[in-house]
1. Go through (1) part of a loop (DSSP other than H, G, I, E, B); (2) in contact (Cβ under 8 Å) with a residue 40 or more places away in the chain; (3) farther than 30 Å from LYS83 by Cβ and name the single condition MET155 misses.
2. Considering (1) touching a strand residue (DSSP E or B) at 6+ places or on another chain (Cβ under 8 Å); (2) at pLDDT below 95, say which one LYS83 fails and leave the rest.
3. What residue, among those in segment 79-119 that are aromatic (Phe, Trp, Tyr) and not assigned by TED's automatic domain parsing to the domain that holds GLU139, is nearest to LEU65 (Cα to Cα)?
4. Based on this model, can you work out whether GLU137 counts as surrounded by fewer than 16 Cβ atoms within 10 Å (Cβ to Cβ), part of a loop (DSSP other than H, G, I, E, B) and either in contact (Cβ under 8 Å) with a residue 24 or more places away in the chain or out of contact with any helix residue (DSSP H, G or I) (no Cβ under 9 Å at 6 or more places or on another chain) (or both)?
5. Inside segment 122-134, can you point out the residues that are closer than 21 Å to GLN55 by Cβ and part of a strand (DSSP E or B)?
6. Show me the strands (runs of 3 or more DSSP E) found entirely inside segment 38-121 where at least 1 residues are surrounded by fewer than 13 Cβ atoms within 10 Å (Cβ to Cβ) and of a type in the set (Lys, Arg).
7. For LYS110, indicate whether it is of a type outside the set (Phe, Trp, Tyr) and out of contact with any strand residue (DSSP E or B) (no Cβ under 6 Å at 6 or more places or on another chain).
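The values are calculated or read from the model by the stated rules, or taken from the named source; none is laboratory data. Since the model is a prediction, treat every value here as computed from it, not as a measurement. Ideal geometry is used to build each Cβ from the backbone, glycine not excepted, and the neighbour counts take in all protein chains shown.
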Amino acid sequence: MKKRGFNYVIIFLFVISLLGNVFLYTKLQDEKSNSSVSKTSDESPITKRLAFIKQLISEEGQYYLVLDYAEWFSDAEAEKAAKEDGDPEAGSLSNGFYIRNETNEQEKVKLEKDGLFYVMDGATPRAVDYNEFVSSELEERLFNLRFAGDTLVAMEEQYRP
């Protein structure tokens, strides 16, 4: 009987340790995100946009992205948006999402070296550094973008099943 109680204590301590590590990792990620934002702006609002990367441009040692903004719809909203756009497959969106890209307006945005970059590795986002990011094949990939004011501070590739 004492052995069973000891096993429960070990399991309990393991779970507490695991939860502590998850909490610490989350806190460090939050601090990393916040430090990137605070470096680029003092009190700028954070905005989120979705865009296709049309081009990566290098000018005088600085990289810029040419972006084409889009909208993401899921589930019933996806079907509704597809019907509004006259998409013939509106009733059979097999993946449950729809991307609206009404205009082909493109915007050139400076790519910050201290930004946060996440690309899809299968179905999992993976953090990469600036050099790996600019060395990737980026054209026509879809990213969730975070701006602090006008400064691009984070990019996460959107998973599309």
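1. It fails just one condition, (1).
2. Here LYS83 meets the rest and fails (1).
3. Per the stated criteria, the residue is TYR98.
4. Yes.
5. Within segment 122-134, just VAL128 meets the criteria.
6. Output list reads 46-59, 106-110.
7. Spelling it out, it is not the case that LYS110 is of a type outside the set (Phe, Trp, Tyr) and out of contact with any strand residue (DSSP E or B) (no Cβ under 6 Å at 6 or more places or on another chain).
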